[in-house]
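A.B. asks: Pasting in a structure now, in structure tokens, and then I'll have a few things to ask.
The values are calculated or read from the model by the stated rules, or taken from the named source; none is laboratory data. None of these values were measured; they are calculated from a predicted model. So basically every Cβ, Gly included, is an ideal-geometry build from the backbone, and we count neighbours across all protein chains shown.
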Amino acid sequence: MKLYIVGFGCGSRDGMTLQAEKAILESEIVVGYTTYVDIIKKFFPEKETLSTGMKKETERVRISLETAKNKTTALICSGDAELYGMAGLAYQLSPEYPDVEIQVIAGVTAGMSGGALLGSPLTNDFAVISLSDLLTPWEKIKQRLEFASKADFTIVIYNPSSKGRSEHLANACRILLEYKSPETVCGYVRNIGRDGEEYGLMTLSELEKFRADMFTTVFIGNSETKIINGKMITPRGYMNV
């Protein structure tokens, strides 16, 4: 049978691709993280669902693969299923389930949907870095922040803060301030496509004091990023050609 691994976007029906919707409709059962399953239930109330909580990723993927042996199954992920999602883990476990066909369905990640709300901060090269040190040591995260700053990438930060990591964003900003100007244009988006959606612009020095949460995505501009008509814009040089 088949396992779809579906990136359903930011959480709004409008932010879901047609391919993602089709995969969920074709599936007999939907599996996912509890919060994500609750979102999908609003759009597909007729679907049978299974869910697991935080830090149960391996269990969740195994449930999906086991279920897919007999039923077409959708394993849902917010944003894109590859970017910090379950696609890689499912393929790692797939040799144990040779009869299950896996198909990954791309989704619109927060970097793109959030960037669109802010303007166009990702027009040139950029890096995506998660500040969650549950699976990646903080020293490695620090190194990635340093290298991305030295290379003058625009940086998108996922998982900037949580109850157990309340100072991670401030610590990241201090690292970035060693290589970037305090006046670097930055932005944030919260609850993209959901109730309570908000976004705003600030400088890197102001961002150090900003209180983010796990539903916030942070954007740090490069040396050329600017504010135009109230929007965060990173030029690529088209006007110079």
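A.B. asks: Kindly indicate the residue of the stretch 116-137 that is in a helix (DSSP H, G or I) and either among the basic types (K, R) or in contact (Cβ under 8 Å) with a residue 24 or more places away in the chain (or both) and also surrounded by the most Cβ atoms within 10 Å (Cβ to Cβ) among those meeting that condition.
C.D. replies: L118
A.B. asks: Surrounded by 14 or more Cβ atoms within 10 Å (Cβ to Cβ) and either of a type outside the set (A, V, I, L, M) or touching a His at 6+ places or on another chain (Cβ under 9 Å) (or both): which single residue out of E46, E82 fits that description?
C.D. replies: E82
A.B. asks: Name the one entry in L18, L3 that is at pLDDT 95 or above, surrounded by fewer than 21 Cβ atoms within 10 Å (Cβ to Cβ), of a type in the set (A, V, I, L, M, F, W, C) and more than 27 Å from G164 (Cα to Cα).
C.D. replies: L18
A.B. asks: Another question about this same structure. Evaluate the stretch 229-238: report whether one residue or more is outside any loop (DSSP other than H, G, I, E, B), more than 22 Å from the chain's Cα centre (by Cα) and not β-branched (V, I, T).
C.D. replies: Within the stretch 229-238 (the criterion being outside any loop (DSSP other than H, G, I, E, B), more than 22 Å from the chain's Cα centre (by Cα) and not β-branched (V, I, T)), the answer is yes, since at least one residue qualifies.
A.B. asks: When the residues of the stretch 63-92 are filtered to those that are within 22 Å of the chain's Cα centre (by Cα) and part of a helix (DSSP H, G or I), which remaining residue is nearest to V30 (Cα to Cα)?
C.D. replies: Filtering the stretch 63-92 for residues that are within 22 Å of the chain's Cα centre (by Cα) and part of a helix (DSSP H, G or I), the one nearest to V30 (Cα to Cα) comes out as S64.
A.B. asks: Failed condition for L176, given (1) out of contact with any strand residue (DSSP E or B) (no Cβ under 7 Å at 6 or more places or on another chain); (2) in contact (Cβ under 8 Å) with a residue 40 or more places away in the chain; (3) more than 22 Å from N191 (Cα to Cα), with all others met?
C.D. replies: (1)
A.B. asks: Does the stretch 88-102 include one or more residues that are on the phi < 0 side of the Ramachandran plot, β-branched (V, I, T) and touching a residue at least 60 places away in the same chain (Cβ under 8 Å)?
C.D. replies: Among the residues of the stretch 88-102, at least one is on the phi < 0 side of the Ramachandran plot, β-branched (V, I, T) and touching a residue at least 60 places away in the same chain (Cβ under 8 Å), which makes the answer yes.
A.B. asks: Would you confirm whether or not the stretch 54-61 contains a residue that is closer than 21 Å to I157 by Cα and either modelled with pLDDT of 95 or more or of a type outside the set (A, V, I, L, M) (or both)?
C.D. replies: yes
A.B. asks: Additional query: Only one of these is out of contact with any His (no Cβ under 6 Å at 6 or more places or on another chain) and touching a residue at least 40 places away in the same chain (Cβ under 8 Å): E167, E208, E224, E146. Name it.
C.D. replies: After ruling out the rest, the residue left standing is E224.
A.B. asks: Moving on to the next point. Does S64 satisfy the criteria of being among the hydroxyl-bearing types (S, T, Y), in contact with a strand residue (DSSP E or B) (Cβ under 9 Å, 6 or more places away or on another chain) and surrounded by fewer than 21 Cβ atoms within 10 Å (Cβ to Cβ)?
C.D. replies: No: the conditions fail for S64.
A.B. asks: Consider the stretch 116-134. How many of its residues are over 17 Å from L169 (Cα atoms) and not acidic (D, E)?
C.D. replies: Total meeting the criteria: 10.
A.B. asks: Test V6 against the stated conditions and say whether it is closer than 16 Å to A81 by Cα and part of a strand (DSSP E or B).
C.D. replies: Against the criterion (closer than 16 Å to A81 by Cα and part of a strand (DSSP E or B)), V6 qualifies.
A.B. asks: Does P95 meet the test of being loosely packed, with under 13 Cβ neighbours inside 10 Å, under 28 Å from E21 (Cα atoms) and either in the same structural domain as C10 (by TED's automatic domain parsing) or of a type outside the set (A, V, I, L, M, F, W, C) (or both)?
C.D. replies: So P95 passes the test.
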